[in-house]
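Visitor: A single structure is presented below for examination.
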Amino acid sequence: MILAKARVEDYERFASVFTSAGADLRSKHGSNGAQVFRNADDGNEVWVLFDWSRDDYTRFLGDPASREVMGQAGLQGPPESIMLEAGPTTDS
């Protein structure tokens, strides 16, 4: 899993591109899905939890098409990201 944070110019624009052209390109690079979270106190900050391998994510970031799609989505710079490992789960 990868957790990425980015600032966007306009959330609605970001969401539109993320779910269309962005989804297509991520899929081509092996992404198994993503969930977007919006900062409740700063609507232009988004966090995305990706089900994606580190290698495939790295290849995605190196693809010139990804920079184009991120520009279309209104990202205000490259995303900050970290690799996560699953820990214990609980029902409560």
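The values are calculated or read from the model by the stated rules, or taken from the named source; none is laboratory data. The structure displayed is predicted, hence computed values, not measured ones. All Cβ positions, glycine included, derive from the backbone under ideal geometry; neighbour counts span all protein chains shown. The area values use the complete protein model at the heavy-atom level, side chains included, leaving out ligands, DNA and RNA. Shrake-Rupley method; radii C 1.70, N 1.55, O 1.52, S 1.80 Å.
Visitor: Could you list, in sequence order, the residues of segment 18-41 that are over 11 Å from the mean Cα position of the chain (by Cα) and either more than 16 Å from Pro79 (Cα to Cα) or in contact (Cβ under 8 Å) with a residue 12 or more places away in the chain (or both)?
Guide: Correct list: Ser20, Ala21, Asp24, Leu25, Ser27, Lys28, His29, Gly30, Asn32, Arg38, Ala40, Asp41.
Visitor: Something else now. Tell me which residues, restricted to segment 57-68, are under 13 Å from the mean Cα position of the chain (by Cα) and within 25 Å of Glu85 (Cβ to Cβ).
Guide: Of everything in segment 57-68, those that are under 13 Å from the mean Cα position of the chain (by Cα) and within 25 Å of Glu85 (Cβ to Cβ) turn out to be Tyr57, Thr58, Phe60, Leu61, Ser66.
Visitor: List the pairs whose first member sits in segment 66-92 and is more than 19 Å from Tyr11 (Cβ to Cβ), whose second member is open to solvent by 100 Å² or more (accessible area, probe 1.4 Å), and whose Cβ atoms are under 8 Å apart, counting only residues at least 6 apart or on separate chains?
Guide: From residues that are more than 19 Å from Tyr11 (Cβ to Cβ), the pairs are Met83/Arg54.
Visitor: Sticking with this one: Which residue is farthest from Ala4 (Cα to Cα), if the candidates are limited to segment 22-52 and must be touching a Phe, Trp or Tyr at 6+ places or on another chain (Cβ under 8 Å) and of a type in the set (D, E, K, R)?
Guide: Of everything passing the filter in segment 22-52, Arg26 is farthest from Ala4 (Cα to Cα).
Visitor: Please verify whether Ser81 is hydroxyl-bearing (Ser, Thr, Tyr) and modelled with pLDDT of 95 or more, treating the condition exactly as stated.
Guide: yes
Visitor: Inside segment 10-50, can you point out the residues that are among the charged types (D, E, K, R), closer than 17 Å to Ser66 by Cα and in contact with a strand residue (DSSP E or B) (Cβ under 9 Å, 6 or more places away or on another chain)?
Guide: The answer is Arg26, and nothing else.
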